[in-house]
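Asker: Structure below; questions to follow.
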Amino acid sequence: MTSISVKTRGSDIRKLLKVVAEKAIRYVSRIDQRNVNPSAAGLAALAGFHEPLPSMPSDPHDVLEKLDEIGSPATVAMTGGRYFGYVIGGILPAALAANWLAATWNQNAALRVMSPVAAELEDVVLQWVCEALGMPANCGGGLVTCATMANFTALVTARSALLKRAGWNVTEDGMFGAPPLEIVVGAEVHASLLKALSMAGFGVKRATIVEADEQGRMRADKLPRLSERTIVCIQAGNVNTGAFDPADEICRRAKEQDAWVHVDGAFGLWARVSPKYEHLTRGFEKADSWATDAHKWPNAGYDSGLVIVRDAVALRASMGITAAYLEPGSRREPMHHTPEASRRARGVELWAALKSLGRSGLRELIERTCLHAQSFADGLRKAGFEVLNDVVLNQVLVSFGRPEVTREVIRRIQEDGTCWCGGTVWQGKTAMRISVSSWATTDADVQKSLAAIVRIARQSGWR
């Protein structure tokens, strides 16, 4: 074991990194020439990973060779321009390269003394994100894995803050016997928010559900009576339609009663960067906490979620850790703002993504992908298919008639591999969902994908 670890230092590790760079470059350069979905043979080959734990060390070059030989063909081409599933972005070149460098650094981003660069870059990107999204400059924030964890972090912070107002210290006394809190969500609330509510101990069934309109927006006129012990969860960007809850009216009603407003803005919150789409997000800046992803827009790669809280002290109070050997410094310490302690320095890629784009590049990315969504909608309507939503952002819902036909079209599209689109059920109608989020998507990608969708739909019994 010692000889292996020594051997992989110096010149040998340089050779290994050169090999992986060549393999990665080959993968990226060919991504648009392959099917988006892996082939049946590629999937079958995954069985080659299943073996007993090796009794002896393996040569790192052999390990890498097997990973590339079996793993690369079994990937979904999310880094290419024709993946339109699940609101998943690509990864910007600068973010990809920064990811390699961050892995080489192997930094623990828990404390500033563990990694000064990780802590500093977190400070910078949180400031940049608040600037870009028009949030108060003194907000607290943290970098987490995804919007689910960002929602969870914000809801736990809201729970602690509201109970503190009621004279209850949830950190010391827990939830047993605590004053009850009320949760209000829209009928189109995302599953990740419900999961976060469950993990935070609120219980999904206890939430008050507010009626939504035909585009999935919470109806402000249907809000229940609110109080200082209410958490209202609103959406910036419905995952099916892209629609935005009426934040101005909801926040006004909530503030009158001193309720807490949390925003699930996994992708839609980034629309605030664009003058063309900013009007959709009016009022969201008046909330108390926000959750978003940077793996959707702005294509920073995984894992890259963000939580922002207006009351920075409340975030620190709910997430802080006390231990003699973890004595914090005088500046912001990353681990005291997220559920995690030890974690990778995920702020490196986000910094690289935002630095490479700048404000104008970020705006152009958002506007271009939304324009692609409009092109999809226009092309599908022209072909005679039913687009179910008002395409206000980057989401398109299309029906191919009967539910069984729509499901068959989706299956065949995924099998065909020209592009990848997922399915959903929207207000009782089976639909295909097209989510355009990647910097890599071009006009040619859209037209090639449209042609494949129309061809497959007509071959699948659409009338």
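Asker: Taking Cα pairs under 8 Å and at least six residues apart, what relative contact order does the chain come out at, in percent?
Answerer: Working: 852 pairs, mean separation 100.7, N = 463.
Across the chain, relative contact order equals 22 percent.
Asker: A follow-up question, please. Give the shape of the stretch 194-234 as rounded, prolate or oblate, defined through the alpha-carbon gyration tensor: a ≥ b ≥ c are the square roots of its eigenvalues, a/c under 1.5 means rounded, and otherwise the shape is prolate if a/b is larger than b/c and oblate if not.
Answerer: oblate
Asker: Ok, one more. Between Arg26 and Asn169, what length comes free when the chain is fully extended (0.36 nm per residue of separation minus the Cα-Cα distance, one decimal in nm)?
Answerer: Length gained, Arg26 through Asn169: 46.0 nm.
Asker: List the residue ranges in the chain for DSSP H helices whose C-alpha atoms run 15 angstrom or more along the long axis and whose Kyte-Doolittle average is 0.5 or above.
Answerer: Membrane-span-like by this criterion, though nothing is claimed about a membrane: 93-105, 116-133, 147-165.
Asker: Counting only helical runs of four or more DSSP H residues, what would the 222 nm mean residue ellipticity of the chain come to if each run contributes -39,500 (n - 2.57) and the total is spread over all its residues?
Answerer: Values: 14 runs with 185 residues, N = 463.
The helix contribution divided over the chain gives -12500 deg cm²/dmol.
Asker: While we're here: Cβ under 12 Å from Ile31's Cβ, Ile31 left aside: what net charge do those residues give with Lys, Arg +1 and Asp, Glu -1?
Answerer: So the surrounding residues net to +2.
Asker: What shape does the stretch 55-148 have by the C-alpha gyration tensor, where a ≥ b ≥ c are the square roots of the eigenvalues, rounded means a/c under 1.5, and otherwise prolate means a/b greater than b/c and oblate the rest?
Answerer: oblate
Asker: Here is a follow-up. Convert each backbone phi in the stretch 257-266 into a coupling constant with the Karplus relation 6.51 cos²θ - 1.76 cosθ + 1.60 (shift: θ = phi - 60°), then list the ³J(HN,Hα) values in order as whole Hz, x for Gly and Pro.
Answerer: For the stretch 257-266, the Karplus curve yields 10, 6, 7, 9, 10, 10, 10, 8, x, 3 Hz.
Asker: Which entries of Lys222/Lys382; Lys18/Lys66; Lys164/Lys255; Lys15/Lys296; Lys164/Lys296; Lys276/Lys448 show an alpha-carbon separation above 25 angstrom in the structure shown?
Answerer: As for pairs spanning more than 25 Å Cα to Cα, those are Lys222/Lys382; Lys15/Lys296; Lys164/Lys296; Lys276/Lys448.
Asker: Let me ask another. Net charge near Ala95, counting Lys/Arg +1 and Asp/Glu -1 over other residues with Cβ under 11 Å of its Cβ? Walk me through the numbers before you get to the answer.
Answerer: On the way: positive: Arg346, Lys355; negative: Glu349.
Net of charged neighbours comes to +1.
Asker: To continue, here is another question. Using Stokes-Einstein with the Kirkwood hydrodynamic radius over Cα pairs, what translational diffusion coefficient do you get for the stretch 1-157 at 25 °C and a viscosity of 0.890 mPa s, in µm²/s rounded to a whole number? Display every interim value, and only then the final one.
Answerer: Working: Rh = 19.5 Å.
The calculation lands on 126 µm²/s.
Asker: To continue, here is another question. At a 10 angstrom cut-off on C-beta neighbours, averaged per residue, how do the peptides 441-447, 157-163, 47-53, 102-108 rank from highest to lowest?
Answerer: 157-163, 441-447, 102-108, 47-53
Asker: Run through the DSSP bridge list for the stretch 194-289 and note the antiparallel percent, rounded to the nearest 5.
Answerer: Of all bridge pairs located within the stretch 194-289, approximately 25 percent are antiparallel.
Asker: Rounded, prolate or oblate: which fits the chain, taking a ≥ b ≥ c as square roots of the Cα gyration tensor eigenvalues, rounded meaning a/c under 1.5, else prolate when a/b beats b/c?
Answerer: Verdict is oblate for the chain.
Asker: Check cross-link reach from Lys205 to the lysines: straight Cα distance under 18 Å, and skip same-chain residues fewer than eight apart.
Answerer: The qualifying lysines are Lys195.
Every number here is computed from the coordinates shown, using simple stated rules; none is lab data. Just so it is clear, the structure is predicted and the values come from calculations on it, not from any experiment. When we count neighbours, we look across all protein chains shown, and the Cβ atoms used for this are built from the backbone with ideal geometry, even at glycine.
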